[in-house]
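Please treat every number below as a calculation from the coordinates, not as lab data. Owing to the predicted nature of the structure, the values given are computational and were not obtained by experimental measurement. Reconstructed Cβ throughout: ideal geometry from the backbone, glycine too, with neighbour counts over all protein chains shown.
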């Protein structure tokens, strides 16, 4: 292909003015194409640099991944699974302990409510609920309701230690006001005297008669 020159244009029969105009337009187009080509070359060089940088970063991450895998293998050699299982068991034990404490509290609340409804005094209720194993005998269903509360109450009423705490049939609270042999007079007692009483039933009666000495009033 012949280059676009004045001689070539002259041979085509064009005058000098027309040839100059054509060459000027041609030069503008070729210069623009050269500029675009240079821009594209710069973009390609920039993309190549980004690609090279990305390859370097990938190499760095590959090293980090390799180190991480090595550490994981080290943890496995140290029986990491055993440590994990131990922590899981510890958590399960905590959950079990919490459930047991919550269940014990619920059983005490159920028994306390039942005793008060039956007419037991606050001090008698406190002694039975907090100083006996009767709450542990209560069985609760999934809704927290006692399924054997009547049997537990019967056991309390048959327990000699709590014989003096049983309410009258009219459902009024019954707490012995005077132990046998005091002729109806108030008995001056101290905490030490009460705790020195050897007979369990009499000691429990004395406690119920003087609840303020034990913080039960």
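Which order do peptides 118-127, 65-74, 192-201 fall in by mean Cβ count within 10 Å, highest first?
Details: 118-127: 19.8, 65-74: 10.1, 192-201: 12.0.
Put in order of decreasing packing, that is 118-127, 192-201, 65-74.
Please compute the contact order of region 69-155 in relative form: average sequence separation of alpha-carbon pairs under 8 Å and at least six residues apart, divided by the residue count, as a percent.
Numbers: 41 pairs, mean separation 19.5, N = 87.
Value for region 69-155: 22 percent.
As an exercise, use a Förster radius of 35 Å and the Cβ-Cβ distance of residue 10 and residue 56 to find the FRET efficiency, rounded to the nearest 0.05.
Values: r = 58 Å, r/R0 = 1.67.
After rounding to 0.05, the efficiency reads 0.05.
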